[in-house]
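The values are calculated or read from the model by the stated rules, or taken from the named source; none is laboratory data. Just so it is clear, the structure is predicted and the values come from calculations on it, not from any experiment. All Cβ positions, glycine included, derive from the backbone under ideal geometry; neighbour counts span all protein chains shown.
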Amino acid sequence: MINKTKLFSFALLLALPFSLGGCNKAGSNPLNNKSVTLTYWGLFEKPETITPLIKKYQELHPNVTINYQPQSYTSLANYKELLTTRLKQEDSENASDLAPDIVRVHASWISPLSKYLTPIPASVYSSSDFSQTFYPVSSTATTVNSSIYGIPLMYDGLALIYNTDLFSEAGITSPPSTWEDFRSTAIKLTKTDPSGRLLQAGAGIGLPSNVAFGSDLLSLMWSQSGLKVPDDLETQAAADALTFYTNFSRQDKVWSDAFPNSVNAFAEGRVGMIFAPSWVFLDIWGLNPSIKMAATPVPQVPSLDQATTKVSWASFWVEAVPKTSANQDVAWDFLKFLSEKSQQQQFFSEAAKIRPFGEIYSRRDLRESLSGNQPLAAVVGGAESAVTAVTVDRSGNDEYVAAVNDAVAAVNAGTPEKIALTTCKKTLQQLLSRVR
């Protein structure tokens with residue numbers, strides 16, 4: 001049921017006047033010392049980051065050999081298709097040779113892929129232990145019919161990233177915490193020439209073509225209005241959020257399609273604020289090592305009771321074990337080992353040897369250790385109340401992202417919000433029906 005105190009949250013903002021004022025038990029000795037070889041399909045992490053942990057596990061279990069294979073891909077959608085094809089080979093006589101023993105999947109893939117995966121044994125993580133160890137969104141995203149199908153070894157989600165030099169030049173002393181403040185800050189940061197051409201963008205937001213993670217951002221706004229996607233997209237609250245989102249380009253003119261992708265524009269020092277996961281910091285530093293930036297949690301929405309929401313947006317990956325694996329108990333034992341506190345800390349340390357920081361800890365009991373780390377603290381600051389959906393960008397869910405972006409494009413072209421959202425809802429429902 002839609003939360004009525006939040007239903008008209010973005011309507012309030014629009015009305016406000018603007019003023020610049022089932023496996024074998026995984027134990028300590030997997031398969032009783034029988035020789036076992038695991039194939040582990042990884043993503044993103046280089047072998048030198050995870051090899052020390054593999055060696056550490058193999059010292060405890062000399063009978064186990066683990067072949068870590070980071071997958072190359074032309075796109076995450078391509079990887080998703082390849083993985084899905086392999087997992088569907090379960091009826092093949094050589095199924096165990098076609099699929100790996102451990103795979104990295106996006107959390108949003110768990111539900112459609114669960115029929116090809118094996119659930120976590122209660123001896124590895126009970127439902128209670130899992131929910132106590134990891135953030136609530138991890139349980140929500142990986143649970144299908146009361147069974148959990150993946151262990152998160154990392155966490156990430158949206159943060160508001162801002163250029164501290166541009167803030168100082170504009171006399172802005174602190175980042176915005178509400179969408180009303182965000183709007184006024186974006187307008188204050190915007191600069192144009194006498195003809196109205198945008199010289200400095202206040203924020204990368206409002207358009208579908210050159211806003212990175214735009215579908216995440218609009219989905220966050222819908223979630224902050226208490227809406228479920230796609231079920232509630234034909235409501236007035238969904239239309240209000242879409243209007244608020246597109247008004248940044250249509251009305252406030254803080255962003256333009258003449259600019260490059262929002263991440264690149266930010267790296268060039270041409271935009272004051274963008275929204276992105278923590279790993280985008282690494283990309284920006286790669287493009288411009290001298291840029292001065294910081295991050296803060298995403299803005300929140302006012303509600304009718306004068307409070308604000310506490311809803312953030314997550315996008316993360318989990319490790320899963322295919323049904324085709326002949327070594328499911330060993331695979332889960334190894335993943336339980338990797339998810340333990342000391343291993344996560346070592347994993348982060350190994351990654352930090354080759355880049356500024358490692359992947360954010362997935363464990364709740366390690367959250368405070370990131371409190372002084374930019375931009376990681378900004379992301380985990382909202383992790384306890386984060387949500388996610390299939391509309392996350394950079395996750396291989398290209399068709400779902402396109403459905404949201406098409407709605408944004410339609411409104412920017414003059415289509416009424418409710419008509420654009422009706423089409424978006426229908427498209428998302430059709431896509432979801434294919435994988436059920």
- [ ] Would you point out the residue of the range 74-101, among those that are in a loop (DSSP other than H, G, I, E, B) and either surrounded by 15 or more Cβ atoms within 10 Å (Cβ to Cβ) or not assigned by TED's automatic domain parsing to the domain that holds Leu335 (or both), that is modelled with the lowest pLDDT?
- [x] Ala99
Task: Complete set of residues in the range 144-195 that are assigned by TED's automatic domain parsing to the domain that holds Asp101, surrounded by fewer than 19 Cβ atoms within 10 Å (Cβ to Cβ) and either among the charged types (D, E, K, R) or in a strand (DSSP E or B) (or both) - done: Val144, Ser147
- [ ] Pull up the range 121-143, narrow it to residues that are closer than 19 Å to Gly157 by Cα and touching a helix residue (DSSP H, G or I) at 6+ places or on another chain (Cβ under 6 Å), then point me to the one that is surrounded by the most Cβ atoms within 10 Å (Cβ to Cβ).
- [x] Ala141
Task: Test for Arg250: is it surrounded by fewer than 21 Cβ atoms within 10 Å (Cβ to Cβ), closer than 22 Å to Asp406 by Cβ, of a type outside the set (Val, Ile, Thr) and not assigned by TED's automatic domain parsing to the domain that holds Ala352 - done: yes
Task: Long-range neighbours under 8 Å by Cβ, at least six apart or interchain, first residue on the phi < 0 side of the Ramachandran plot within the range 64-89, second surrounded by fewer than 13 Cβ atoms within 10 Å (Cβ to Cβ) and aliphatic (A, V, I, L, M) - done: none
Open item on the list: So for the range 239-259 (the condition being outside any loop (DSSP other than H, G, I, E, B) and among the β-branched types (Val, Ile, Thr)), does at least one residue qualify?
Closed with: yes
Open item on the list: Whether any residue in the range 324-346 is assigned by TED's automatic domain parsing to the domain that holds Leu60, hydrophobic (A, V, I, L, M, F, W, C) and closer than 29 Å to Ser215 by Cβ is what I want to check.
Closed with: no
- [ ] Inspect all residues belonging to the range 362-375 and state whether any of them is small (Gly, Ala, Ser) and touching a Phe, Trp or Tyr at 6+ places or on another chain (Cβ under 8 Å).
- [x] yes
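In the range 380-387, is there at least one residue being over 23 Å from Thr140 (Cβ atoms) and modelled with pLDDT of 95 or more?
Filtering the range 380-387 for residues over 23 Å from Thr140 (Cβ atoms) gives none.
Among the residues of the range 380-387, not one is over 23 Å from Thr140 (Cβ atoms) and modelled with pLDDT of 95 or more, which makes the answer no.
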TODO: Please enumerate the residues belonging to the range 208-248 that are over 19 Å from the mean Cα position of the chain (by Cα) and among the charged types (D, E, K, R).
DONE: Asp231, Asp232, Glu234, Asp240
TODO: Tell me which residues, restricted to the range 323-364, are closer than 28 Å to Leu87 by Cα and among the small types (Gly, Ala, Ser).
DONE: Ser325, Ala326, Ala331, Ser339, Ser362
